[in-house]
Amino acid sequence: MCDEPTVVDRDEPVVGVLETDGIASDLVESVEGVLESRDGTVVCGPAETVRNVDPDLLVAVGTAGVAASVTADLERPVLPVGSVTGLEAVTPSNVESAVESALDGSADVESRDVLEGQVVPDGDDDGAQSETDSTRPQHTVRGCFDVTLDTDEPARISEFSVSTRGETVAAFRADGVVVATAAGSHGYAANVGSPALSRAVDAVTVAPIAPFATRPRRWVLPPAGLRLTVERDECTVDLVVDGRPVTTLENGWSVTLRADRSLPVVVPDRGLE
């Protein structure tokens, strides 16, 4: 569907279209139509391919596309297209106008929080790799919607703890725990009872998944210094970021979180939504 990337003249605009399951050929053609009059180039592909050409604008289709734009790790505006959890997005039929506005600099660009997590093996206070155990996997993950610790099978309960800045907030038995940004609080987190957050609030939501309790609690906490820990090894616990499985956590392992980064998102004109 997407052509191989080509070397382009950096005096001309380059737009990256992140390839996901929801992308359609006519959307790529729409972007190509805009770039043709500007002698620009469209590069379509996975995050790594798009990152290599350092585009001026990223076009991301659906929630999966926006999540992929975070893994691309580019400080470039992202134009959400279609149905995107917790974000305003342009309709596919209005992509041309939205791309034109973004390239002209007339579109509004706003920042959205990005969660950054570090896997901390048992016994490591800061997540740094031990000199005596170089086989331990080290993972730094980023997501703009949610970070989840989840047992690998439904109804397989483990025990988790949540702490912030060294103070324990809660420990509970559940299928998992999810931390969500303001955007992510309107998605999977909402399905497990997490409150919806405004992006004006400098906080994240934390909620247990299928907790073994009759009156479970949910929390709104500052992202800095937040830590999730696996307290039991009764079953395998997976680390999932924006719906993407990352790694498996062992008993005593933690994920520390912060929200120091942000994603620049093109806010569509109300008439183009």
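The values are calculated or read from the model by the stated rules, or taken from the named source; none is laboratory data. Just so it is clear, the model here is predicted, and its values are computed rather than measured. Note: ideal-geometry Cβ built from the backbone for every residue, glycine included; neighbour counts use all protein chains shown.
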Here are some conditions: (1) surrounded by 14 or more Cβ atoms within 10 Å (Cβ to Cβ); (2) at pLDDT 90 or above. P5 meets all but one. Which one does it not meet? (2)
Those residues of the range 39-53 which are in a loop (DSSP other than H, G, I, E, B) and surrounded by 14 or more Cβ atoms within 10 Å (Cβ to Cβ) amount to G40, P46, V53
Condition broken by R227, with the remaining ones in (1) under 19 Å from the mean Cα position of the chain (by Cα); (2) of a type outside the set (A, V, I, L, M, F, W, C); (3) part of a loop (DSSP other than H, G, I, E, B) satisfied: (3)
Residue list for the range 200-223, filter: over 14 Å from D146 (Cα atoms) and not aliphatic (A, V, I, L, M): D202, P211, F212, T214, R215, P216, R217, R218, W219, P222
Of the residues in the range 156-193, how many are polar (S, T, N, Q) and either outside the structural domain of V255 (by TED's automatic domain parsing) or in contact with an Asp or Glu (Cβ under 9 Å, 6 or more places away or on another chain) (or both)? 4
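Yes/no matrix, rows are residues, columns are (1) out of contact with any Lys or Arg (no Cβ under 6 Å at 6 or more places or on another chain); (2) surrounded by fewer than 19 Cβ atoms within 10 Å (Cβ to Cβ):
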position	(1), (2)
E250	yes, yes
T256	no, no
V266	yes, no
D269	yes, yes
Residues R232, R244, R199, R218: which one is charged (D, E, K, R), more than 30 Å from N94 (Cα to Cα) and either within 17 Å of the chain's Cα centre (by Cα) or surrounded by 15 or more Cβ atoms within 10 Å (Cβ to Cβ) (or both)? R218
Of (1) without any contact (Cβ under 8 Å) to a residue 24 or more places away in the chain; (2) in a strand (DSSP E or B), R261 satisfies all except one. Which? (1)
Out of the range 60-77, which residues are β-branched (V, I, T) and touching a residue at least 60 places away in the same chain (Cβ under 8 Å)? T63, V66, V70, T71
What number of residues in the range 73-123 are surrounded by fewer than 18 Cβ atoms within 10 Å (Cβ to Cβ) and part of a loop (DSSP other than H, G, I, E, B)? 9
Checking the structure you have, find out if any residue of the range 183-194 is assigned to a loop (DSSP other than H, G, I, E, B) and within 19 Å of P245 (Cβ to Cβ). yes
